[in-house]
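Chemist: Take this structure first; my questions come after.
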Amino acid sequence: MIQLTSAATLRKAITKARTVKPFVRVRCFGTYTVTNKQTGASYTVECSKRDGKRFAACTCKAGAARMACKHLAKAALCDTGIQNMRAH
């Protein structure tokens, strides 16, 4: 898992996600399946919050190396949106 500290830490991953536009499916709150539409490859992204800090992990190669990837960036965006909706 990597800590999600700011959008700046995910800047490259966010840029890639905007280009590739992966599809995100919510499996349950905090767990997402992210599919690369170009290749058809799917990965699982887990998002969590501990002690007020946000964390995420992806099953792709970059995620296994604890790097921020496009799948993680896209799922984290969805996770943040769901958290915001739950708060209101």
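Chemist: Please note which strands (runs of 3 or more DSSP E) are completely contained in region 28-83 and include at least 1 residues that are basic (Lys, Arg). Walk me through how you get there before you give the answer.
Modeler: Numbers: elements: 31-35, 42-50, 53-58.
The strands (runs of 3 or more DSSP E) meeting that bar are 42-50, 53-58.
Chemist: Only one of ALA75, ALA68, ALA57 is surrounded by 19 or more Cβ atoms within 10 Å (Cβ to Cβ), within 19 Å of GLN3 (Cα to Cα) and touching a helix residue (DSSP H, G or I) at 6+ places or on another chain (Cβ under 7 Å). Can you tell me which? It would help to see each step written out before you state the result.
Modeler: Working: ALA75 fails: touching a helix residue (DSSP H, G or I) at 6+ places or on another chain (Cβ under 7 Å); ALA57 fails: surrounded by 19 or more Cβ atoms within 10 Å (Cβ to Cβ).
Of the residues listed, the single one that is surrounded by 19 or more Cβ atoms within 10 Å (Cβ to Cβ), within 19 Å of GLN3 (Cα to Cα) and touching a helix residue (DSSP H, G or I) at 6+ places or on another chain (Cβ under 7 Å) is ALA68.
Chemist: Kindly establish whether ARG27 is of a type in the set (Lys, Arg) and farther than 23 Å from ARG86 by Cβ.
Modeler: Working: of a type in the set (Lys, Arg): yes; farther than 23 Å from ARG86 by Cβ: no.
Spelling it out, it is not the case that ARG27 is of a type in the set (Lys, Arg) and farther than 23 Å from ARG86 by Cβ.
Chemist: Here's another thing I want to ask about it. If I ask for residues that are of a type in the set (A, V, I, L, M) and over 14 Å from ILE14 (Cα atoms), which ones from region 63-88 would you list?
Modeler: ALA64, ALA65, ILE82, MET85, ALA87
Chemist: Here's another thing I want to ask about it. Take region 38-53 and flag every residue that is out of contact with any Asp or Glu (no Cβ under 8 Å at 6 or more places or on another chain) and either buried (at least 16 other Cβ atoms within 10 Å of the Cβ) or farther than 17 Å from CYS78 by Cα (or both).
Modeler: Listed by number, the residues that qualify are GLN38, THR39, GLY40, ALA41, TYR43, THR44, VAL45, GLU46, ARG50, ASP51, GLY52.
Chemist: If a residue must be touching a helix residue (DSSP H, G or I) at 6+ places or on another chain (Cβ under 9 Å) and of a type in the set (Lys, Arg), how many such residues does region 13-54 contain?
Modeler: 6
Rule-based calculations on the coordinates, nothing more; no lab input. These numbers were taken from a predicted model, which means no experiment stands behind them. All Cβ positions, glycine included, derive from the backbone under ideal geometry; neighbour counts span all protein chains shown.
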